[in-house]
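See below for the structure under consideration.
The values are calculated or read from the model by the stated rules, or taken from the named source; none is laboratory data. Predicted model, so just to flag it, every value in this text is computed and none were measured. Virtual Cβ from ideal backbone geometry, glycine too; neighbours counted across all protein chains shown. All accessible areas refer to the heavy atoms of the entire protein, side chains included, with ligands and DNA or RNA removed. Shrake-Rupley method; radii C 1.70, N 1.55, O 1.52, S 1.80 Å.
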Amino acid sequence: MVAPTSDSLTEGPIVSIRYSLDSKFIAVQRSDQEIQFWDRGSGETFSQRCKSESESILGFFWTDCPLCDIVFVKTSGLDLFAYNLESKSLQLVETRKLNVSWYVYTHESRLVLLASGMQCKTFTGFQLSSAGIIRLPKFEMAMAKSEANNKPVLAAEDIFIVTVYGRIYCLQVDRIAMLLHSYRFYRDVVVQQGSLPIYSSKVAVSVVDNVLLVHQVDAKVVILYDIYADSRAPISAPLPLLFRGFPRSNSSSLRSNREDTESSEVNISDHEAIIYGDDWTFLVPDLIFSVSNKLLWKIHLDLEAISASSSEVPSVLEFLQRRKLEASKAKQLCLSIARTVILERRPVSTVARAIDVLVSSYSHSIKTGNYLKGTKAGKTLPSGMPHTTGPKLSADASASRVDAIGKSIKYESSAGVDSESPNRFLTFSNSDSEEDASFHFFDSKIDRGKLTGAETSVSEARSSLVNNPLDANLSEQQESQLTSPAISPDEMYSFVFAPVEEEMVGEPSYLVAIIVEFLRSANLEKVEVRPNLYVLTIQLLAHSERYAELGLFVLNKVFLNLLKK
Amino acid sequence: MGLASASTATTAPEAMQLCIFDLRRGQNEGQELDKILFFYPADLPFSAQFSVIGLSEGLITFTRIFSPEAACEAIEADRHSHVFYEAEPDIWMVMVVEKSMEYEAKWRTDALRRVLKEVHSLFVMFHGSVRAMLDKDPGGVLARSHLYPFVMDYLGAFEKRSPFDECCWDFLVGKKLLMPSFRDSLKDRGTVQMLTVGREAAIEVQSLVRVLEASAGNLPCHSLILFQDLLVSTTLSPDDTVNLFAYAVLRLTPHVLSSGASSWSYLRKGATSNVSSSSILSTSGAVPEQYHGSHNNSSAGDNSSHVIRPLKLDKWSKGKDGFLATDIWGAEPSTGVSATPTVFLHQSEERMYLCAHQHKSLTLIFLIPVSSVLNGEQGLSTVKQQVLENVSLKLLKVEEKLSKGWGGENAYHVSGYRYLLVDGDRNVSRASPPGKVTTLSKESLLALNKLREEVDREKSRAQWDSAGHEKELEVSIRAKNNAWVIARVTRGKELYMVLEKANETLLYASDAVEKFSNRYCSGAFSLN
């Protein structure tokens, strides 16, 4: 917990207020004509006013663009200022002239959208990243007409800029059609990408772990979408939003955890009655602010409940495999789902599709280098674990240890990515595969403090790992550092096939069928399968005296790397 | 018995005779005829039939004194060879072939015995054992009425056909009955020929097999998959695999169905004439009388009137749904739907429905226990549709994959070599394509035939001398035409090879074997 610091400002009206990115200044908009700056180090202040009375300031934001430090959005366009340390004043660097009715800006996308026109549906966008300024082509948003002469006007609260899997989308509420239109931004074009239905006159949008949450405020439910897949179908049925305090528990579908604000001593249970109150403010990506409760909530996904609410196993696994925030949880869920479908003897084709999802996800994580580091690190300490203590237990422990180390490395490298990712910014918005780079925009700058906190906990975990690798709490902590829920063939063996084989009763031919599907999938994705799975297959075939098939397996070199050795 | 009239048809000595008899029957004087369960040619005078059987029985009884476990295997007489096979305890099959100075009449007794073994195995697969039939009907009518059409269908000589329709006989080519001769030395009857597939295709195939198995519900289902005339996958025991494979190649594969002709084309390709058997056509029409007519009033009279003939030619066809259908097994009286064939598995001793599905070159045979299907044909057709639904997609994929990897008729040709590779443990063999074998000269083939005969003898001797110890053998012969004829036997595997146009040194020959062994047999025959 960080002790709160306070800065005292001079009296006067406050329209809006923002820290600079380096936290050295506070900018306060005093009116639509004036913004006041306060140097936190020296305590000095100065003001910046509009040049002419005819224009007014709509708002402002700090930026890490190399050209300037702060941008004023005015009715007449954008003013870009650089802060001059010597003269303690702002220097106008550039002006972009255009009529602006209102604007939307989010720091995670570095994108400002300027609305203009009668209906405010004509948009001009600028992206001010550390790579420079990019002007997006002008585009119009779709608006359904209610009557011939009654044209609806788009408002700022109807527009949401969201970042999902590194892609920047704009979501626009169309109140007449009751649709949420989505637009995707590319470097030189804006493409409409389909619409989602809405069931409430008031809608809010959050993004948690690349999952799009559409709050149907009137109905007091959330509908979840994973915009990775082509399908625009929701992940699950509408789910309620529930409060959860510390410590986190797993029972509900969606949990809101309070931020560590000054109001942490307030008892949460008092507020459970007013979910989706009128005074709620939804802050992109994943925060909810309630004025009357004096609380700030952070939205958290309950993966377990979401996966339990859908029976489509392959799509649930796909969803889980894309989760990064709680990768270890997602991974454990995937493993247990895989075990369950096999033990329940679901149709082979269903299980095969589920396995395809897991294998291709692993193969993808190998290609992007997410997993490789983990396994490499794991190989450096293969003898550390006594393998005599029950195969399951030791496998469990060593796997989690591999994860922890893989993760800590990953974390460091991702920090590196972080610093350079602004340069790649527009390239990534053009390609789909760069989830990693983009992901860190969540953390950058704003959450820097928290990030370092996490890093220290990783190093703690690592040092204590040497001392006592079997500590239960510790292993939980280690697992929470996982960056990818991908499951290696080795883990498939240790946590799916081996335990299932122990539990399964009767004819093993079903399990052989599943293993063959796994081999097929692994072969397709060029993923190497460890010999232990081959050994298991041989045992299963031999126990059921199916020598003809065993012969064919050997003849056709299915047990490829077993024969090599 | 009043059969004397039938025996007047011909007096010419038959070039080939095949008889099946039961030593436990007809023990008393005057009842000798009761021993005979099958005799070919059927129109041979009984006196001649008796003399064959009497001689055989005498030899069996005599040799049993010295070797009760394994009596007589073969007799080499001046003008005939007698090949013995004890198909079931005390049920013997004997084939008598004429010797002549012609090359064509150079027999290898083991190859002939394999013919006897095959026809018996197929018979048991469809009808159960001969002994069981005799127990069921002590009069012998049941057994005779089944054996006669079955063996005759097998020999391809039962149906009366126009003399121009020559292509449809199995052993009968033109007017000759063609038994495997020295020209077939690079073949091994009673083994399975397999398609070599890559790992990826193999996994796809296995995946298909598993889905097939799973989609039959809880029924313990078996399957056999063929590509063209080659085996791709089996879940059956080796014995059952060999039998079903032989039947599929005879009657079910796309090649057989499309040509309307029977397979074993390779038998015809190389050879010309063997045995004159002109009497088959003229006399076969009258033959059944001998077996049916005389005992018609016995208890099994009903069965004999409706005998299933699984080997009957041109009776299988491919339906619109891809399933192969036949009316051989009759129709269910209530529905008029053709009855599904059933086979008897050697390993599980269970009667199974035989369902065959064909997609292009891929033939999928699956077996479902008769006992586990309710509602007979109706229940079965539900199961079939269910299976098809589940596997059809995979079936297309596998067919496509195998077709892509298929190297054609000469896929297993190795240039410079003519070879036969036998894995006795798994009943699998692979040989040079027949088209390539025909390029060998007579001298080479004769030498090979002789060498194989020698190896057969060594093998059977080793079997009795020291059971459990496998024979290791290596023979290289320089034939008259300067070809190298080589045999190597090791750890249950056999390799036969003819190298024409080879260098004259033995070193060269053994080098060639070594190379072949390393390249195609994972070094199984390599000396190091």
> Of all the accessible heavy-atom surface of segment A:1-57, with the other protein chains kept in place and a 1.4 Å probe, what percent is carbon and sulfur?
Replying inline: 50 percent
>> If R₀ is 35 angstrom, what is the calculated FRET efficiency for the pair residue A:31 and residue A:201, using the beta carbon separation as r and rounding to 0.05?
In response: 0.60
> How big is the C-alpha Rg of segment B:181-244 next to the rule-of-thumb value 2.2 N^0.38 Å, as a ratio?
Replying inline: 1.35
>> Please list, ordered by chain and number, the residues whose modelled amide H lies under 5 Å from the amide H of residue A:132; skip anything fewer than 5 residues away on the same chain.
In response: none
> If you rank A:15, A:316 by how much accessible surface each has, with a 1.4 Å probe, what is the order from largest down?
Replying inline: A:15, A:316
> What does a probe at residue A:84 reach in segment A:19-38, counting residues whose amide N is under 20 Å from the point 7 Å along Cα→Cβ?
Replying inline: A:25-27, A:34-38
> Karplus couplings for segment B:85-96 from phi (6.51 cos²θ - 1.76 cosθ + 1.60, θ = phi - 60°), rounded to Hz, Gly and Pro as x?
Replying inline: 8, 8, 5, 9, x, 6, 9, 10, 10, 10, 10, 10
> In the full protein assembly as shown, how much of residue A:367 is accessible to a 1.4 Å probe, in Å² to the nearest 10?
Replying inline: 150 Å²
>> List the trypsin sites (Lys or Arg not before Pro) within segment B:313-381 that DSSP assigns to loop and that have no more than 12 neighbouring Cβ atoms inside 10 Å.
In response: B:320
> Label-point separation (nm) for residue B:349 and residue B:406, each offset 7 Å from Cα along Cα-to-Cβ?
Replying inline: 4.0 nm
>> Using all alpha carbons of segment A:510-563, what is the percent of pairwise distances in each 5 Å bin, ordered from the shortest bin to the longest?
In response: 5, 20, 32, 30, 11, 3, 0
> Going by accessible area, probe 1.4 Å, with all protein chains left in place, what is the ranking of B:56, B:372, largest first?
Replying inline: B:372, B:56
>> Rounded to the nearest 10 Å², what accessible area does residue A:97 have for a 1.4 Å probe in the complete protein model?
In response: 150 Å²
> What residues in segment B:200-216 lose 10 Å² or more of accessible surface when the other protein chains are added to their chain alone (1.4 Å probe)?
Replying inline: B:200, B:202, B:203, B:204, B:206, B:207, B:210, B:211, B:213, B:214
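Per-residue Cβ counts within 10 Å, from other chains only, averaged over A:508-516: what number is that?
4
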>> Can you give me the accessible area per residue for segment B:360-404, using a 1.4 Å probe, in Å²?
In response: 50 Å²
> Amide H neighbours of residue B:192 under 5 Å, counting only residues 5+ apart in sequence or on other chains, H built in-plane at 1.01 Å?
Replying inline: B:428, B:429
> Of B:136/B:312; A:324/A:526; A:151/A:294, which sit over 28 Å apart, Cα to Cα?
Replying inline: A:151/A:294
> Counting every Cα pair in segment A:92-172, what percent are over 22 Å apart?
Replying inline: 28 percent
> Where the convex hull is taken over the Cα atoms of segment A:1-139, what is its projected area averaged over directions, in nm²?
Replying inline: 9.9 nm²
> What accessible surface, in Å², does a 1.4 Å probe find on residue A:16, ignoring ligands, DNA and RNA and rounding to the nearest 10?
Replying inline: 30 Å²
> At the nearest 100 Å², what buried accessible area, both sides summed, do you get for B and A when the probe is 1.4 Å?
Replying inline: 1900 Å²
> What list of ³J(HN,Hα) values in whole Hz, one per residue of segment B:376-393 in order, does the Karplus curve 6.51 cos²θ - 1.76 cosθ + 1.60 (θ = phi - 60°) give from phi, with Gly and Pro shown as x?
Replying inline: x, 4, 5, x, 5, 5, 5, 4, 4, 5, 4, 4, 4, 4, 6, 9, 4, 5
> When the C-alpha atoms of segment A:292-363 are aligned to their principal axes, what extent does each axis show, in angstrom, from largest down?
Replying inline: 54, 26, 16
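Given a 1.4 Å probe and heavy atoms of the protein chains only, how would you sort B:450, A:151, A:121, A:298, largest accessible area at the top?
My answer, sorted largest first, is B:450, A:151, A:298, A:121.
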> What pairs from B:394/B:436; A:557/B:404; B:320/B:404 go past 23 Å between their alpha carbons?
Replying inline: B:394/B:436; B:320/B:404
> So what J values fall out for segment A:338-347 if you push phi through Karplus, 6.51 cos²θ - 1.76 cosθ + 1.60 with θ = phi - 60°, rounded to Hz, Gly and Pro as x?
Replying inline: 4, 4, 5, 4, 6, 5, 7, 6, 5, x
> Per q in 0.18 1/Å, what log10 I(q)/I(0) does a Debye calculation on the alpha-carbon atoms of segment B:374-481 return?
Replying inline: -1.01
> When each pair of different Cα atoms in segment B:301-454 is counted once in the 1/r mean, what is the Kirkwood radius in angstroms, to one decimal?
Replying inline: 19.5 Å
> For residue B:374 and residue B:63, FRET efficiency with R0 = 51 Å and r from the beta-carbon atoms, rounded to 0.05?
Replying inline: 0.50
>> Under the √(5λ) rule applied to the eigenvalues of the Cα gyration tensor, what semi-axes describe the equivalent ellipsoid of segment A:120-228? Give them in Å, descending.
In response: 23, 20, 11
> What average count of beta carbons from other chains do you get within 10 Å of the Cβ of residues in A:517-527?
Replying inline: 3
>> Give me the one-decimal nm value for the distance between modelled label points at residue A:233 and residue B:255, 7 Å along each residue's Cα-to-Cβ direction.
In response: 4.7 nm
>> Using a 7 Å offset from the Cα along the Cα-to-Cβ direction at both residue A:46 and residue A:16, what is the distance between the two label points in nm, to one decimal?
In response: 2.3 nm
> Counting only residues 5 or more places away or on other chains, whose amide H sits under 5 Å from the amide H of residue A:302 once H atoms are built in the peptide plane?
Replying inline: A:255
